[in-house]
1. For the chain, count the residues as N, evaluate 2.2 N^0.38 Å, and divide the Cα radius of gyration by that value, please.
2. For the chain, which whole-number percentage of the solvent-accessible area (1.4 Å probe, protein heavy atoms only) is attributable to carbon and sulfur atoms?
3. Within region 346-480, how many Lys pairs sit with Cα atoms under 28 Å apart, leaving out pairs fewer than 8 places apart on the same chain?
4. Under 5 Å between amide H atoms, partner at least 5 residues away or on a different chain: which partners does Arg343 have, H built in plane at 1.01 Å?
5. By the scheme Lys and Arg +1, Asp and Glu -1, what is the net charge of all other residues having a beta-carbon under 15 Å from that of Ser35?
6. With 27 Å as the cut-off, how large is the P(r) tail for region 83-206, expressed as percent of Cα-Cα pairs?
7. Any idea how far the Cα center of region 312-359 sits from the one of region 26-67, in Å?
8. Once you place label points 7 Å from the Cα toward the Cβ at Asp37 and Ser485, how far apart are they in nm?
Amino acid sequence: MFKRLLSDTIIYGLTTILMRLINYLLVPIHTKVFSPDDFGILSLFYSYAVLFNVIYTYGMETTYFRFATKDKENKDKVFSKVLSSVIITSVLFSGILWICTPYISTYLDYDNSSTFVKVFATLFAVDAILAIPFASLRVEGKAKRFAILKIIEVLLTVGLNYLFLVIFNDLYAAAEPTSLLGQYYDPEFGLGYSFVANLISKVSILILLSDKILKVKLQWSWKSMKPYYKYGFPLLFSGLAFAVNEVFDRILIPILLPKDFYAFGDAEYALGVYSACYKLSIFVTFTVQAYKYAAEPFFFNQANSKDSPKVFANIMYYFVIVLMLMVVGVTANLEWLASIFIRQKEYLIGLPVVPILLMANIFLGMYYNLSVWFKVTDNTKYGAIISFIGAGITLTLNFILIPLLGFYGSAIATFVCYFSMMVIAYLLGNKYYPIPYNVKMISFYLILGGAFLVLFFNLPKQEFWPQLITQNVLFIGFIIIIAISERNFLKRVFGNRENTTK
């Protein structure tokens, strides 16, 4: 089991790293092509996309994991039922959005918003349908195919963005008005080309997964789907609450930020700055995402083992150590890392929010670990309750803090939300599905890492290189402290390797 988890985690990890790194090429493209105001609008649309993705999938991805691993002999039937349901509802939901496009575009009041709504309505449906075949690949252990398709998707997305926004734009400037490009390319469509690029890449992957999708005969009945909905609907509500926690700060900043709060720009400008800096939490989020891809099927398969509590506890312990090393290392090198991804210096004013968001994502990763108890015991209602508590914290703190602290208030709200969810999940799990987590040492590493982050931001300001060297010397000190604390584990690992070599 551990070998399978390790193997899949490595594949998913490398895939996620590549996906994130390739996908984050969009950040320098977008921050070069778009002003912070336009980048803020772009971020706003994708924030709504996160919410709609939860609605369109309504917990069916995790539901498929549960029923496919529970009834392994009939997993193909489970796949057909779940995918049929998602296809039917996706077509229905997107049809409603198309019909309501005039009203939605009037509410948004952006240039080309009517076209944007139709593109996103189609994108939502395709993305939701794709979720189930991808889940099937994970259950079947086809990590390599999963990885290849995901990488193709992000390569297409980035490549098409560069083609539409940079190459075509440059060629258009030199093209004759009567040329094909001069007639059909519209620089004013701007943001729309990024949305279209995303849609084309999703449809391409849908075609590449057609072998799994076409073998499904659409079938639906309330009787056969009732157990699935009973399991999945609480996940829908917890997913919505999670989406609120993840993206609602970016929806609320343009609404709640007082006029003239920032001297450097308006609310959309501030949203663009915050969204660009939020992207720099990539270094933790891709690790959490890779881990989630591999761990979910593993948790379900391991659930009935008598050693599972100890296994889950060990996984959490080393997971926290790895993430804390990443957070401290990224913060020590934040200035030069930011310059790679963000191409206009106007965005860099928001860099101090990054360590707050990095720590918030550690707590989110810990929550994913802790949530294992209510998933494997079919108590998904507790996930919904915890997520709604988190959503309440997110909304309350954003309403209070954005008018006072601007986007720093949003970062603090995210931190408090995920920390609170992590604590609640631990306390409830300790009652219903006890797992012997090493709370003392996990807390030690979290506090120690946090102390180093505070230290970095309170060092006397120096020139770039002296500052960088000082912070990395401190980072090496952090590594040494962890190595000393984990010396017995390291001896076992490297001792075994030496014995194997001999």
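1. On the way: Rg = 23.4 Å, N = 502, 2.2 N^0.38 = 23.4 Å.
Compared with the compact-globule rule of thumb, the chain sits at 1.00.
2. On the way: 15210 of 23250 Å².
On the chain, the fraction of accessible area on carbon and sulfur atoms equals 65 percent.
3. Close lysine pairs under the 28 Å cut-off: 4.
4. Those qualifying (amide H under 5 Å, at least 5 residues apart or on another chain) are Thr31, Lys32.
5. Charge balance near Ser35 sits at -4.
6. Here the long-distance tail beyond 27 Å is 33 percent of all Cα pairs in region 83-206.
7. So the two Cα centres are separated by 21 Å.
8. The modelled label-to-label distance comes out at 4.8 nm.
The values are calculated or read from the model by the stated rules, or taken from the named source; none is laboratory data. Bear in mind that the values here come from a model prediction, so they are computed numbers and not experimental data. Here the Cβ is made from the backbone with ideal geometry for all residues, glycine too, and neighbour counts use every protein chain on show. The accessibility values were calculated without ligands, DNA or RNA, using every heavy atom of the protein model including side chains. Shrake-Rupley method; radii C 1.70, N 1.55, O 1.52, S 1.80 Å.
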